[in-house]
Every structure is written in structure tokens, then in C-alpha cells.
1. Residues of segment 40-65 being farther than 24 Å from N15 by Cβ, surrounded by fewer than 12 Cβ atoms within 10 Å (Cβ to Cβ) and in contact (Cβ under 8 Å) with a residue 12 or more places away in the chain, which ones?
2. Do we find that N10 is free of Cβ contacts under 8 Å to residues at least 24 places away in the same chain and surrounded by 10 or more Cβ atoms within 10 Å (Cβ to Cβ) in this structure?
3. Counting only residues that are surrounded by 14 or more Cβ atoms within 10 Å (Cβ to Cβ), within 23 Å of Q3 (Cβ to Cβ) and among the hydrophobic types (A, V, I, L, M, F, W, C), how many does segment 21-39 have?
4. Taking only segment 18-42 into account, find how many residues are assigned to a loop (DSSP other than H, G, I, E, B) and either charged (D, E, K, R) or touching a Pro at 6+ places or on another chain (Cβ under 7 Å) (or both).
5. Against the definition (at pLDDT below 90, acidic (D, E) and loosely packed, with under 12 Cβ neighbours inside 10 Å), how does D18 come out, yes or no?
Amino acid sequence: MFQVELITGNEGFDNGVDLEYFGLSIDVKTMGRTTDVKDYYVNNFIALQKNYPTNVFIFCSYYIEKKELTV
């Protein structure tokens, strides 16, 4: 969808930027789950990350057994 290469991490720290899309810096946060997403689940975000130069956060949950991604 975003037409970007697979992120390998070989380039080192990315300053929290996973994607650039239409001029926006995007940080994707994904947590592995063992159940379907519940409305009271928390996301993987720590206060230190709020200072990274990103415009948008995308929060995802990955249900490992079903191989299902919820955005």
C-alpha cells in the first residue's frame, strides 16, 4: 500500500519514523496478541516517543494465531 521496502533495521535508529507518506512522518506501533482486540487494551507507547519527529501514529494489534492485523 505504501510502496516501501521491508524495514530491516540495518540502517540503525530511525528517529521513530517508519514511513513517509504525502509529507507526513508516520510511526507504526504494533503489539502481538493472543486474543482478539478488546476496547480496553492498551497500546505500546512510552513517553520518550512523544518527542520523536513524527506527525502520525498508527496503532496495530497482531493476533498471532489467526495472523490477523487490526489497525
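The values are calculated or read from the model by the stated rules, or taken from the named source; none is laboratory data. These numbers were taken from a predicted model, which means no experiment stands behind them. As a convention, Cβ positions derive from the backbone with ideal geometry for all residues, glycine included, and neighbour counts pool all protein chains shown.
1. Once the filter is applied, which keeps residues that are farther than 24 Å from N15 by Cβ, surrounded by fewer than 12 Cβ atoms within 10 Å (Cβ to Cβ) and in contact (Cβ under 8 Å) with a residue 12 or more places away in the chain, segment 40-65 yields I64, E65.
2. On the way: free of Cβ contacts under 8 Å to residues at least 24 places away in the same chain: yes; surrounded by 10 or more Cβ atoms within 10 Å (Cβ to Cβ): no.
Considered against the rule, which asks whether it is free of Cβ contacts under 8 Å to residues at least 24 places away in the same chain and surrounded by 10 or more Cβ atoms within 10 Å (Cβ to Cβ), N10 comes out as no.
3. Looking only at that region, the number is 2.
4. From segment 18-42, those assigned to a loop (DSSP other than H, G, I, E, B) are 18, 22-23, 34-42; that's our starting set.
Retained after the next criterion (residues that are either charged (D, E, K, R) or touching a Pro at 6+ places or on another chain (Cβ under 7 Å) (or both)): 18, 36, 38-39.
Residues flagged as assigned to a loop (DSSP other than H, G, I, E, B) and either charged (D, E, K, R) or touching a Pro at 6+ places or on another chain (Cβ under 7 Å) (or both) within segment 18-42 amount to 4.
5. Working: at pLDDT below 90: yes; acidic (D, E): yes; loosely packed, with under 12 Cβ neighbours inside 10 Å: no.
So D18 fails the test.
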